[in-house]
Structures are given as structure tokens and as C-alpha cells.
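The values are calculated or read from the model by the stated rules, or taken from the named source; none is laboratory data. Values in this document were obtained by computation on a predicted structure and should not be read as measured data. Ideal geometry is used to build each Cβ from the backbone, glycine not excepted, and the neighbour counts take in all protein chains shown. The protein model used for the area step is the full one, side chains on, heavy atoms only, and it has no ligands, DNA or RNA in it. Shrake-Rupley method; radii C 1.70, N 1.55, O 1.52, S 1.80 Å.
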Amino acid sequence: MRADRVFIFGMDCMAPQLVFEQWRHELPNLARLADGGAWGELRSTDPPITVPAWTAMMTSKDPGTLGFYGFRNRKSYDYDELYFANASYVKEKTLWQLLSRNRKTSVVLGVPQTYPPKPLNGTLVGCFLTPDKGTSYTYPDEVKYELDRLAEGDYIIDVKDFRTEDKDALLEHIYTMTRRRFMVVRDWVKTKDWDFFMFVEMGVDRIHHAFWRYHDVNHRLYEKGHKLEFAIRDYYKYVDEQIGTVLALIPKDTQIWVVSDHGARTMAGAVCVNEFFMREGLLTLKDKPAKPTKLKTSNIDWSKTACWGEGGYYSRIFMNVKGREPQGIIEPSDYERTRDMIKAKLEALGDEKGNPIGTVAHKPEDLYRTVNNVAPDLIVYFGDLAWRSAGSVGMDALHVFENDTGPDDANHAKEGMFILSGPGVVPGKREGTRIYDVAPTVLSTLGIPVPEDMIGKVIK
Ligand SMILES: [Zn+2]
């Protein structure tokens, strides 16, 4: 496969079962691309989370090699609060950096983990990690004025708070954001020089998390006939139509991708991981709060604590190891035995009725080629990601059905989606495609040698 240019529609969280099965006949532009191209599931990273998934896609490196394991990571083995891994923590070369070296020009718009922006041969607009538009979030810097001018006066990086009760306002805000982003894309496709063009729409992820209960008949709170029942479907149709307007502007002989960083699935509830550790005698607090409260490391009695966990779509478990953590109690010689014990306990924990849910606790060294920086001791998918992890304490329950950080109905699934269309692509469904395969395939398409340390392989 060779092409002069590559265009990537990045759709954060776009779900393969919705695009390829449920709504295949309602999304004409995506269906047409898939019918003429290769398509299928795209296996995400472990964990299947926006950060690190997009960067893994753009570098073809796993999270262990990248050295971050989610949005928030431990800086050291101290008990400090976690830090956000933004672009300044990305040490591996991204696709557009490799392209810049080969004198190719890129337009990169809103790809997660690109804030703060780094120089490239082309134009870059930072992602949703941008704290506010007053900062320098584009490269070159003056592009931010052009963005606002093209986007009805106010380019929206991301919706402010998708875990809100005000669903009507949120829905409108998502549409406004998406409409304006596509206005910029349509202009730049025509007016900017590019060999490689990629943008990521966050609205798909936001609408899943906020509206999944209305959409999925299997969701605990699904109500037939609710006025928001088709909010997600209608938005998919809108996005499909917008994609169609961009496709009409892309020069022939361009290789076109539609990709997501992970999929979506219904969320059954949350497992209160720290409550569980307290009941098991593995975690002791100095003061037990009477109502749900975020776990603060300053409230942990380290002399009686073997491990603690973080909330999120998956759980990260950290162990309190002698000589590693400041007040560690697990003897290093006992580390593996203790870790296996914690893993077994987590995997045996069922739902609120005690039924098995199929939790898997992974050891990072089993998932990654190398384990850089401070990895969690265990990476846990409760119910294979049907359940999220609630890190709060004072819940007085092991299972909760309201999210401790605001309403959220969907969890991430390990399977994202991809469509690949363009010169030389043999149409048909592909099995076993991984997020790591995107970058080498793009390089090979543009005639650039694939670095040997990339994990993925060129899609045939
Ligand atoms: Zn994502």
C-alpha cells in the first residue's frame, strides 16, 4: 500500500459494535468507507484509557515503555498525590515527529496528550489536557487565533464537565464543540499543506459516558421511550454526516483511517476497592470518614497498610513495600507472595450478590515489554471492565451504583475500531489488528522505513 497522503479521523471511544453492527445502515459514510476498505476491531492498550492509548497508537510503544499507565501516575514511591501525564512526559517519537524528520508536513488537531505542544513541521492544536485557552496550546502559537476565527469565534477543546446532571446543556455543548471542530477541519484540509492530517473528536467519548443509560437496553437505568433514548445514535449520525463533508474535500489517492482508542460498554457499577482492602485488613485509616470521601494518602496508617487502590475505569493497586515506600511494611522477600494474595482476593470478589464477575488483576511485567517509571503493582479490570473502581472511602459498601465522581454510565472496552481505506487496500474484515499497528502502517504507506523498536506491524 502506498499513498501520497494519510488522513486520520480519530474518534475517541467510538464503539465497533455500534458502527459495524447496530447502526451500520444508518451511518452511510462510515459504511461506504468500510465496504471499500479494511475494517474491524482495534485492540487497545492495557489499560484501554485515552492516556496512554492515543500516544501508544502514535508511537507504537506500549504504556510500560512510555512509562505512564493512565492519566494519573506516581512520580516516585513516596506517598505523594499522583501527577497528570501530559505531552511533556512523552519521550518516544510520535508519528508526526518521525514524519517531520522526513520532511513531511502534518496537521495534528486535538490528539490526546499533545498539550503542551511541541514543535513539528506543520500545525498542532493541543488536546483536552489544555488547562485553559489562555495558555499556549497550539504550534505555532498564533494558530489559536485562526482556530477561533474558523470556529464561530470560540474553538472548544473539550466540554467542561461531562459528569453533570444537566444533560440538555451538555448535549448541546457536545454538538457545538463537534460542529466547530469540523469547521476547522474542513478549512484546513483545503488551506493547509499536509502529507499527514489527523484530528481527534472527544465528543464521542463524552456522549457515551453521559448518555449510555438512555441508549443501552442492558443498562440498569435504561428507560424505554426516554427522550434521550436516541441521543447517542443521533450524534453518531451527525458525526457520520460531518465525516462525509470532510471526505468530499480530501484529495484522491489519500489513505483514510477512522480509528478509536478504545471502545465502550455498559457500566454495571463500581467496586469500592479501598473499602474492600479495609475489610480484608490490608488497609487501615487514621480516621474513618462517616460519608463518602476521597482517599487521601495522608489519612492512611502506613504501619498497618499493605496496599491501597485508585479509582477510575480500571484500578491501580499500590503496595507498601519496605525499603521502597517511606513507611513500607511488606518485606521485599514477601512481595510476590503478597501480590499474588491480593490478586487472588480481587479476582474472587463478586458482585453485590456474590456472583462471580470475572475480574482480572494484571501484573505490569506480564503486559509490557519493559516497565519504566513507577507502575502500579497491579492493574485491575473489575468484571473485565463491566465495573469501574471507586477509590473513595466511607462508602459503607463494597459495591455502589452511583459514580463517586458524578454520573457516568459507560466504561471503556478493550476493543476500539478501525477503518482503513485507500489505494491498494484489500477490502474486508480484519482480525487481530492492534492499536500499535497504526503508526507502522502509516509510515510504510508514506514510504518511510518503520523503526525496528515499534511494537506493531504493517497491516497487510
Ligand atoms: Zn479515549
If you go through the range 31-46, how many residues are within 16 Å of the ligand (Cβ to nearest atom) and out of contact with any Phe, Trp or Tyr (no Cβ under 6 Å at 6 or more places or on another chain)?
5
With respect to residue 205, is the statement that it is in the same structural domain as residue 120 (by TED's automatic domain parsing), within 17 Å of residue 133 (Cα to Cα) and within 16 Å of the ligand (Cβ to nearest atom) true?
no
Looking only at helices (runs of 4 or more DSSP H) that lie completely in the range 19-98, which have at least 1 residues being free of Cβ contacts under 8 Å to residues at least 60 places away in the same chain?
28-35, 50-59
Out of 366, 453, report the one residue that is out of contact with any strand residue (DSSP E or B) (no Cβ under 9 Å at 6 or more places or on another chain), part of a helix (DSSP H, G or I), open to solvent by 10 Å² or more (accessible area, probe 1.4 Å) and not assigned by TED's automatic domain parsing to the domain that holds residue 75.
366
Identify, by number, the condition in (1) in contact (Cβ under 8 Å) with a residue 40 or more places away in the chain; (2) surrounded by 20 or more Cβ atoms within 10 Å (Cβ to Cβ) that residue 285 doesn't meet.
(2)
Among the residues listed as 290, 306, the single one being of a type in the set (A, V, I, L, M) and crowded, with 18+ Cβ neighbours inside 10 Å:
306
Evaluate the range 47-64: report whether one residue or more is away from the ligand (no atom under 16 Å from the Cβ), over 20 Å from residue 127 (Cα atoms) and in contact with a Lys or Arg (Cβ under 8 Å, 6 or more places away or on another chain).
yes
Go through the range 369-390 and report how many residues are open to solvent by less than 30 Å² (accessible area, probe 1.4 Å), of a type outside the set (A, V, I, L, M, F, W, C) and either over 22 Å from residue 79 (Cβ atoms) or part of a loop (DSSP other than H, G, I, E, B) (or both).
5
Out of 220, 213, 279, I need the residue that is away from the ligand (no atom under 16 Å from the Cβ), surrounded by fewer than 16 Cβ atoms within 10 Å (Cβ to Cβ) and modelled with pLDDT under 95. Which one?
220
Check residue 86 against each of (1) more than 16 Å from the ligand (Cβ to nearest atom); (2) open to solvent by 10 Å² or more (accessible area, probe 1.4 Å); (3) touching a Leu at 6+ places or on another chain (Cβ under 7 Å); (4) not charged (D, E, K, R) and name the one condition it does not meet.
(1)
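Here's the yes/no breakdown for (1) at pLDDT 95 or above; (2) under 30 Å from the mean Cα position of the chain (by Cα):
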| residue | (1), (2) |
| --- | --- |
| 291 | no, no |
| 314 | yes, yes |
| 320 | yes, yes |
| 327 | yes, no |
